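A.B. asks: The structure is given below, and queries will be raised subsequently.
No lab work stands behind these numbers, since they all come straight from the coordinates. Worth saying up front: this structure is predicted, and the values here are computed from it rather than measured. Backbone-built Cβ (ideal geometry, glycine too); neighbour counts: all protein chains shown.
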Amino acid sequence: MKEYPSIQKEVNKDLSFYVFDKLDGSNIRATWSRKNGFYKYGSRHVLLDPNDKQNKLSIAPQLILDTYQEDATKILRDLRVDSATLFFEFLGPQSFAGNHVEGDNFSVTLFDADLYKQGIMMPDTFLKSFGNLKIPKLLHHGKVNQELVNAVKASLLDEMTFEGVVCKARNPKKTLQPVMFKIKSQAWLTKLKNFCGEDADLFRRLE
């Protein structure tokens, strides 16, 4: 099952980027095929069992089906792909750094798609195909200058939520994924520092 690639932190100011709001939750994968529909689910690194009630993420598969099954299936069939892995953010109002509060009002949001033998969709193509569904808000399109970086870090970018942004650009090279980097708000990083305390390794893993 495809895993979502790590996103670098180094800012790229050369390309034209689609800047999306970064939702603060857990990465959930869902595999779809033309034959079976949605049939396999995972967190970032391990498979998910929807019947494992001890795992807070176990409700994510049903949320994906309830929210996206019909529309996403039509889109993927129209794209004429045999299979795809869709990537979602699972979160609730009290979620933070991949930690979730039991009983919260959880939801899932589609943020990317990897098509069989085609790789992760370029951001403009993703928006064209899935932009009418529930996806992270597009906050900016164009070069990422220092003014934008400062606005994100200071939590001043219009309509940005707490964590920060993810910037995606069409890759000028022949590759199967876009150029991507992320920028975190200083307020989020400060909260993470307080959350991790003296555990520097935990901070680096969650940052």
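A.B. asks: Mind telling me which of LEU110, LEU91, LEU176 comes out most flexible in a GNM of the chain, alpha-carbon contacts under 10 Å?
C.D. replies: In the Gaussian network model the winner is LEU176.
A.B. asks: Tell me what the chain gives for mean residue ellipticity at 222 nm when only DSSP H runs of n ≥ 4 count, each as -39,500 (n - 2.57), the sum divided by the residue total, rounded to 500 deg cm²/dmol.
C.D. replies: Values: 5 runs with 53 residues, N = 207.
Mean residue ellipticity at 222 nm (helix-derived): -7500 deg cm²/dmol.
A.B. asks: Compute the FRET efficiency between GLN8 and ASN99 as 1/(1 + (r/R0)^6), taking r as their Cβ-Cβ distance and R0 = 25 Å, and round to the nearest 0.05. Don't skip to the end; give the middle numbers.
C.D. replies: Working: r = 24 Å, r/R0 = 0.94.
Using R0 = 25 Å, I get an efficiency of 0.60.
A.B. asks: What does the extension gain come out to for ASP199 and ARG44, with contour length at 0.36 nm per residue minus their alpha carbon separation? Walk me through the numbers before you get to the answer.
C.D. replies: Values: separation 155, 0.36 × 155 = 55.80 nm, distance 2.19 nm.
Gain on stretching ASP199 to ARG44: 53.6 nm.
A.B. asks: Taking 7 Å along the Cα-to-C-beta vector as the label spot, tell me the TYR116-ASN171 distance in nanometres, rounded to one decimal.
C.D. replies: Placing both labels 7 Å beyond Cα along the Cβ direction yields 2.1 nm.
A.B. asks: Exposure proxy check: SER33, SER43 ranked by fewest other beta carbons within 10 Å? Please report the intermediate quantities before stating the final value.
C.D. replies: Working: SER33 15, SER43 18.
Fewest-to-most ranking of SER33, SER43: SER33, SER43.
A.B. asks: Turning to a different aspect of this structure: Can you list the lysines whose alpha carbon is less than 20 Å from that of LYS74, not counting same-chain residues fewer than 8 positions off?
C.D. replies: By straight Cα distance, LYS74 reaches LYS35, LYS40, LYS117, LYS128, LYS134.
A.B. asks: Can you give me the relative contact order of the stretch 17-206 as a percent, contacts being Cα pairs under 8 Å and 6 or more apart? Display every interim value, and only then the final one.
C.D. replies: Numbers: 337 pairs, mean separation 49.1, N = 190.
Result for the stretch 17-206 is 26 percent.
A.B. asks: Quick one: grab the alpha carbon gyration tensor of the chain, order the square roots of its eigenvalues as a ≥ b ≥ c, and give me rounded if a/c is under 1.5, else prolate or oblate depending on whether a/b is larger than b/c.
C.D. replies: Because a/c hits 1.5 or more and a/b fails to exceed b/c, the chain counts as oblate.
A.B. asks: Taking θ as phi - 60°, what are the ³J(HN,Hα) couplings along the stretch 62-79 by the Karplus curve (6.51, -1.76, 1.60), each to the nearest whole Hz, with x for Gly and Pro?
C.D. replies: So the J values, rounded to whole Hz, are 5, 4, 4, 4, 5, 8, 10, 3, 5, 5, 5, 4, 4, 5, 5, 5, 5, 6.
A.B. asks: Starting from 0.36 nm per residue, how many nanometres of slack lie between GLN54 and THR190 once their C-alpha separation is accounted for? Mind dumping the intermediate values first?
C.D. replies: Values: separation 136, 0.36 × 136 = 48.96 nm, distance 3.01 nm.
Once the chain is fully extended between GLN54 and THR190, it gains 46.0 nm.
A.B. asks: Would you mind computing, in nm to one decimal, how far apart the modelled labels at GLU70 and SER33 are, each placed 7 Å from Cα along Cα→Cβ?
C.D. replies: Taking the simple label geometry, GLU70 and SER33 are separated by 2.6 nm.
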